[in-house]
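The values are calculated or read from the model by the stated rules, or taken from the named source; none is laboratory data. Here the structure is a predicted model, which is why all the values come from computation and not from measurement. For neighbour counting, all protein chains shown are included, and Cβ atoms are generated from backbone atoms with ideal geometry for every residue, glycine included. Ligands, DNA and RNA are stripped out before the accessible areas are found, and what is left, the full protein with its side chains, is counted by its heavy atoms. Shrake-Rupley method; radii C 1.70, N 1.55, O 1.52, S 1.80 Å.
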Amino acid sequence: MEPDLSGKTALVTGASRGIGKAIALGFAGAGADVAICSRKSENLEPVAAEVQKLGRTSFYAAADVTKREDIERFVSQTLEKFGRVDILVNNVARNIMSPIMNLREDGWDKIILTNLKSYFLFSQAVGQIMMGQGSGVIINLSSTAAQSAAPLLGAYSVSKAGVDMLTRVLAKELAGVGIRVNAISPGMVETSFSQAIWSSPEMLAEVVRDIPLGRLATTEEIVGLAIFLGSDASSYMTGSIINIDGGSMT
């Protein structure tokens, strides 16, 4: 089966830039209508316009993904707009580069709330819709940082390890009601999120040294896997954590 999202509706969090934006546009190119959210609606407007240029319908709204009421409002608006949600992509993330011993408590809380709790809350809200439909796909954005400890990424790594387990638990719990749950685990991708690392020649050289392909990924290189997981071409896959990392975890 060729990956095809025609007739499907996808909801992508953190879609104003980076991987989330690339996935939203990739989904539209594969035939899906797309609902997107981030903290500021003005950052979403250009993405929604690009979706429409691809011939698909878009909906966007600002949402604080750490607040249940914001999430439930956005999901409800998406359902009202499209009538269903076939694919949820939990992508939003944040990091504070700091050794664990120096990280303030509120910094830890912000990372865990954004990177892990929001995935739980969105999966609950959208999962209820999918259960009613008898079908659906949840794709969580994890990271190879969940599998290998790295300096300055401690809280981020812990949050992504939680995403991996959340993916596996949801996959087991929801398989019987027609919902598949998988995770994409990228290595370092050249986005504004990781700019503090790749903009430093010394830090970049250190990172690339451990990547057999010898470079960072682009956002577009994550999209094909997301389309595959969102489509019926991956109909027998659930509970998988898939590395896309240039061979760094080999």
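A dipole drawn for the chain from +1 and -1 charges on Cβ atoms has a positive end, and of Val169, Gly26, Ile244 the residue lying farthest that way is Val169. Remark: the chain carries a charge dipole of roughly 300 debye about the Cα centre, counting +1 on each Lys and Arg Cβ and -1 on each Asp and Glu Cβ. Straightening the chain between Met203 and Glu80 buys 39.7 nm, computed as 0.36 nm per residue apart minus the Cα-Cα spacing.
Ignoring lysines fewer than eight residues from Lys110 along the same chain, the ones with Cα atoms less than 29 angstrom from its Cα are Lys21, Lys40, Lys67, Lys160, Lys172.
Close amide H contacts of Val92 (hydrogens built in the peptide plane, cut-off under 5 Å, sequence separation of 5 or more or a different chain): Thr13, Gly14.
Backbone geometry of the stretch 35-52 corresponds, through the Karplus equation with coefficients 6.51, -1.76 and 1.60 at θ = phi - 60°, to 3J(HN,Hα) couplings of 10, 10, 9, 6, 5, 10, 5, 5, 6, 8, 4, x, 5, 4, 5, 5, 4, 5 Hz, x marking Gly and Pro.
Were the residues from Gln195 through Met1 laid out at 0.36 nm apart, the gain over their Cα-Cα distance would be 66.1 nm.
Of the solvent-accessible surface of the chain, computed with a 1.4 Å probe and all protein chains present, 52% belongs to carbon and sulfur. Placing a label point 7 Å from the Cα of Ile100 along the Cα-to-Cβ direction, the residues of the stretch 131-154 whose backbone N falls under 19 Å of that point are 143-154. Principal-axis analysis of the Cα atoms of the chain puts helix 154-174 at an angle of about 30° to the longest axis. Full extension of the chain between Ser148 and Ala175 gives 6.9 nm of extra length, using 0.36 nm per residue less the Cα-Cα distance.
Calculated accessible area for the chain comes out at 47 Å² per residue, all protein chains present (probe 1.4 Å; ligands, DNA, RNA ignored).
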